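Chemist: Below are the structure tokens for one structure; questions will follow.
Rule-based calculations on the coordinates, nothing more; no lab input. Treat the numbers as computed from the prediction; the structure is a model and nothing was measured. Every residue, glycine as well, gets a Cβ built from its backbone with ideal geometry; the counts of neighbours run over all protein chains shown.
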Amino acid sequence: MHTFSFDDEELQCLRVCVANSPAPYNITKKQILKRLVEKVGEPIRIKHEGIPKVKYDLTPYGIQPDE
């Protein structure tokens, strides 16, 4: 058995990689991915505010607003 240590940033990177990895085609190996997620956990989701919706005047191009 191996023991590894990761800092928070490395662990988050590992979580994201495991969460986004494709499941193996071999049905007997699909449990490996599940066990990995159980060990490292789900990725921590960071909520971003995003950008405000921008309005453009497209009437010169024949596009009318949906109001």
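Chemist: About the Cα centre, and with charges only on the beta carbon of Lys, Arg (+1) and Asp, Glu (-1), how big is the dipole of segment 8-61? Nearest 20 debye, please. Before the final figure, lay out the partial values.
Modeler: Details: 10 positive and 7 negative charges, 73 e Å.
Taking the Cα centre of segment 8-61 as origin, the dipole is about 340 debye.
Chemist: Using Cα atoms only, what is the angle between the long axis of helix 8-20 and the major principal axis of the chain, expressed in degrees (0 to 90) to the nearest 10?
Modeler: The answer is roughly 80 degrees.
Chemist: Could I ask something else about it? To the nearest 500 deg cm²/dmol, what mean residue ellipticity at 222 nm is calculated for the chain from DSSP H runs of n ≥ 4 alone, each contributing -39,500 (n - 2.57), summed and divided by the residues?
Modeler: Helices in the chain give a 222 nm mean residue ellipticity of -11000 deg cm²/dmol.
Chemist: Right, here's the next one. Determine, at each q value in 0.23, 0.25 (inverse angstroms), the log₁₀ of I(q)/I(0) that the Debye formula gives when each Cα of the chain is one equal point scatterer.
Modeler: -1.08, -1.15
Chemist: Output the relative contact order of segment 8-61, whole-number percent, from Cα pairs under 8 angstrom with separation of 6+ residues.
Modeler: It rounds to 41 percent for segment 8-61.
Chemist: Determine which lysines satisfy two conditions relative to K39: a Cα distance under 17 Å, and not lying fewer than 8 residues away in the same chain.
Modeler: Straight-distance partners of K39: K29, K30.
Chemist: Now for a different question. What is the angle, in °, between the Cα long axis of helix 30-40 and the longest principal axis of the Cα atoms in the chain? Nearest 10 is fine, range 0 to 90.
Modeler: Helix 30-40 sits at roughly 90 degrees to that axis.
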